Amino acid sequence: VNILVTGAQGQLGTYLLNTLLQGRDEWGPLPEVYQHAHVDAVDKDELDITQATALDAWFEMYGPYDLVFNCAAFTNVDGCETNTELAFAINAEGPANLAKACARTNTTLVHVSTDYVFPGNEPGERKETDQANPLSAYGKTKLEGEKAVLVNNPRTHVVRTAWLYGPGGKNFVNTMLALGAAHKEITVVDDQYGNPTSVADLTHEMLRLALTSHYGVWHATCEGVCSWAQFAQAIMDEAGLACRVKPCTSAQWKEMNPASAERPAYSALAHQKFIDTIGYEMRPWRVALMAFMSSQNEQDTK
Ligand SMILES: NC(=O)c1ccc[n+]([C@@H]2O[C@H](COP(=O)([O-])OP(=O)(O)OC[C@H]3O[C@@H](n4cnc5c(N)ncnc54)[C@H](OP(=O)(O)O)[C@@H]3O)[C@@H](O)[C@H]2O)c1
């Protein structure tokens, strides 16, 4: 099979590419079709998804692809508030360009989206069919991207994930590890709840889903819910850091960081659709976090 990975230098793209190259993940060998796959992995310097003409030319030259994984995005949630045009171009127009190119060659598109499409104003877990209504510019542009890919290519999987971390990425876990090593106490929001998710688990589930014709929207996060402060405490505990996590409210955070985007209070995602179809193989968030931390420690001691 011929595969394209866009945004391949981001934290998900890098992990997905390495997994495809290794032919296995933490669960074991990848399905047979991936074993002899040809993979083109590109980031914006080589293939800027906002440039439709260049993108079409790329598909002409290197396609047709069987599978496209779109890991490209403008993911700085606060930055999207002041850069809405660029955020819209990358998170909505770029995916539309990709979907149109995929539709011309009967290509399956796996597009990654976010829990931040939900307002999350009531407790509980969100289903794929729940009403989206984003609070932030990031969430709005990502929702437009979802609509665009679904409308423009019938063979599209939209995979919503959340609170994502992986090796080398700019993410909450790595930020907490750095802050925890440098400070005795840090303040973390304690009234926003979600599902911390490892790129390892997301990649595993995405690679399985991509081989099916169950097109549509999917919720792919690790199992279990916590607050950012609880997540921070777990990171400190796993790393053996003595740094105290001082909980604060979203309102207090906003006072300290006036330019920060509004985020949903309850954006945990439900996984029943996976359970009812191809199965749900993502781990409890704490188990995935432990696996991530021990693989990081192995890297450090190599
Ligand atoms: N991170 C999270 O917590 C989180 C939560 C929920 C959902 N998601 C979704 O998960 C997906 C992967 O996120 P991630 O954390 O891996 O993001 P990431 O690390 O920010 O990676 C995104 C990659 O896309 C690249 N890119 C930006 N503009 C591009 C363009 N015009 N054309 C091609 N590539 C471009 C970025 O390059 P530059 O860095 O050079 O701009 C970066 O390498 C995204 O769809 C994101 O919305 C993430």
> What residues have an amide H closer than 5 Å to that of Tyr65, excluding those fewer than 5 places away on the same chain, when H is modeled at 1.01 Å from N in the peptide plane?
Replying inline: none
>> Whole-Hz ³J(HN,Hα) for each residue in the range 36-52, computed from phi via Karplus 6.51 cos²θ - 1.76 cosθ + 1.60 with θ = phi - 60°, x for glycine and proline: what do you get?
In response: 10, 6, 9, 10, 9, 10, 9, 10, 5, 5, 9, 9, 8, 5, 7, 9, 4
>> Around Asn152, under 15 Å between beta carbons, what's the net of Lys plus Arg minus Asp minus Glu among the other residues?
In response: 0
>> Accessible area of the chain with a 1.4 Å probe: how many percent of it is carbon plus sulfur?
In response: 51
> Rounded to the nearest 5, what % of the DSSP beta bridges within the chain are antiparallel ones?
Replying inline: 10
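Over the chain, average the accessible area per residue using a 1.4 Å probe and give it in Å², no decimals. Walk me through the intermediate numbers first.
On the way: 13710 Å² over 302 residues.
It amounts to 45 Å² per residue over the chain.
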>> For the chain, set up a GNM with springs between Cα atoms under 10 Å and report which of Asp201, Asp78, Asp115 has the largest fluctuation.
In response: Asp78
> Which whole-Hz ³J(HN,Hα) couplings does the range 241-247 yield from phi under the Karplus relation 6.51 cos²θ - 1.76 cosθ + 1.60, θ = phi - 60°, glycine and proline marked x?
Replying inline: 8, 7, 3, 7, 9, 9, x
>> Under the 0.36 nm per residue contour assumption, what length would be gained going from the current alpha-carbon distance of Lys246 and Glu122 to full extension?
In response: 42.2 nm
> In debye to the nearest 20, how big a dipole does the range 136-269 give about its Cα centre with +1 on each Lys and Arg Cβ and -1 on each Asp and Glu Cβ?
Replying inline: 340
>> Please compute the volume of the convex hull spanned by the alpha-carbon atoms of the chain and report it per residue in Å³.
In response: 128
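Excluding Gly28 itself, calculate the net charge of residues whose Cβ lies under 13 Å from the Cβ of Gly28, where each Lys or Arg counts +1 and each Asp or Glu counts -1.
Details: positive: Arg24, Arg208; negative: Asp25, Glu26, Glu32, Glu281.
Around Gly28, the surrounding residues sum to -2.
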>> Could you tell me how many cubic angstrom of Cα convex hull volume the range 258-302 has per residue?
In response: 151
>> Give me a comma-separated list of calculated 3J(HN,Hα) values for the range 136-148, in order, Karplus coefficients 6.51, -1.76, 1.60 applied at θ = phi - 60°, integers in Hz, x for any Gly or Pro.
In response: 10, 4, 4, x, 5, 5, 5, 5, 4, x, 4, 4, 5
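Report the local net charge at Lys127: Lys and Arg +1, Asp and Glu -1, summed over other residues whose C-beta lies under 14 Å from its C-beta. Provide the component values of the computation, followed by the final result.
Values: positive: Arg126, Arg160, Lys273; negative: Asp115, Glu122, Glu125, Glu128, Asp130, Asp276.
Cβ neighbours under 14 Å give a net charge of -3.
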> Amide H to amide H, which residues 5 or more places from Val188 or on other chains are under 5 Å from it, using H placed in the peptide plane?
Replying inline: Lys246, Cys248
> What is the distance in Å between the Cα centres of the range 140-202 and the range 43-106?
Replying inline: 19
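In what order, largest first, do Cys226, Cys71 sit by accessible area if the probe radius is 1.4 Å?
Details: Cys226 5, Cys71 25 Å².
Listed by decreasing accessible area, they come as Cys71, Cys226.
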> Amide H of Leu269: which non-local residues (sequence gap of 5 or more, or other chain) have their own amide H closer than 5 Å, using H built in the peptide plane?
Replying inline: Arg126, Asn195
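Among rounded, prolate and oblate, which fits the range 3-92 when a ≥ b ≥ c are the square roots of the eigenvalues of its C-alpha gyration tensor, a/c under 1.5 means rounded, and a/b larger than b/c means prolate?
On the way: a/c = 3.23, a/b = 1.47, b/c = 2.20.
It is oblate, given that a/c is not under 1.5 and a/b is not larger than b/c.
The values are calculated or read from the model by the stated rules, or taken from the named source; none is laboratory data. Note that this is a predicted model, so its numbers are computed, not measured. Note that each Cβ is placed from the backbone with ideal geometry, even for glycine, and that neighbours are counted across all protein chains shown. With ligands, DNA and RNA removed, areas are computed over all heavy atoms of the protein, side chains included. Shrake-Rupley method; radii C 1.70, N 1.55, O 1.52, S 1.80 Å.
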